[in-house]
Amino acid sequence: MAKIGLFYGTETGNTRKVGKMIAKEFGGDDVVKLHSTAKATAEDLAQYSSLIFGMPTLGDGEMENSFKAFMEK
Ligand SMILES: Cc1cc2nc3c(=O)[nH]c(=O)nc-3n(C[C@H](O)[C@H](O)[C@H](O)COP(=O)(O)O)c2cc1C
């Protein structure tokens, strides 16, 4: 199982693309598993020893909506 969880929020897909590039640099899916914050749960987060978070800023530098909601959970 991957030891690093990469949790990303995205509106138009750019952050997912960057997340996939980061995962590839680390060695792929076996090392880094991507999770969309639109679907992820707190249990998903708890299974990793290391975490990477990514989201775009929108409006006046606000967090992307699904990422903000996930963090509040
Ligand atoms: C409605 C809207 C508002 C944005 N506001 C900001 C902002 O305040 N600051 C910023 O640096 N980028 C802003 N951007 C640019 C986004 O952060 C950028 O397009 C990002 O790559 C989108 O990521 P995503 O494809 O993962 O959603 C905005 C983009 C949109 C569509």
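The values are calculated or read from the model by the stated rules, or taken from the named source; none is laboratory data. Note that the coordinates shown come from a computational prediction; the quantities given were computed from them, not determined experimentally. Ideal geometry is used to build each Cβ from the backbone, glycine not excepted, and the neighbour counts take in all protein chains shown. Calculation scope for accessible area: heavy atoms of the full protein, side chains included, ligands and nucleic acids excluded. Shrake-Rupley method; radii C 1.70, N 1.55, O 1.52, S 1.80 Å.
Under the 0.36 nm per residue contour assumption, what length would be gained going from the current alpha-carbon distance of Thr41 and Asn14 to full extension?
On the way: separation 27, 0.36 × 27 = 9.72 nm, distance 2.16 nm.
Length difference between fully extended and current span is 7.6 nm.
Need one number: % antiparallel among DSSP beta bridges in the stretch 4-72, to the nearest 5.
On the way: 2 of 12 bridges.
Beta bridges within the stretch 4-72, antiparallel portion: roughly 15 percent.
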Next item on the list: Could you name the lysines whose alpha carbon sits less than 22 Å from that of Lys20, not counting residues in the same chain fewer than 8 places away?
Entry: Lys3, Lys33, Lys39, Lys68
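Loop only by DSSP, 10 or fewer other Cβ within 10 Å of the Cβ. Give me the trypsin sites (Lys or Arg not before Pro) in the stretch 1-70 that pass, ordered by residue number. All intermediate terms of the calculation are to be shown ahead of the outcome.
Details: sites: Lys3, Arg16, Lys17, Lys20, Lys24, Lys33, Lys39, Lys68; in loops: Lys3, Lys39.
Loop-located and lightly packed - Lys39.
Give me the net charge for the shell around Glu62: Cβ to Cβ below 14 angstrom, other residues only, Lys and Arg +1, Asp and Glu -1. Walk me through the numbers on the way to the answer.
Working: positive: Lys68; negative: Glu11, Asp60, Glu64, Glu72.
Counting the neighbours of Glu62, the net charge comes to -3.
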Margin query: Working only with C-alpha atoms, what are the Rg and Dmax values of the stretch 6-73, expressed in angstrom?
Written below: 11.8, 36
Margin query: How large a share of the accessible area of the stretch 4-72, in percent, is made up of carbon and sulfur atoms when the probe is 1.4 Å and the other protein chains stay in place?
Written below: 53 percent
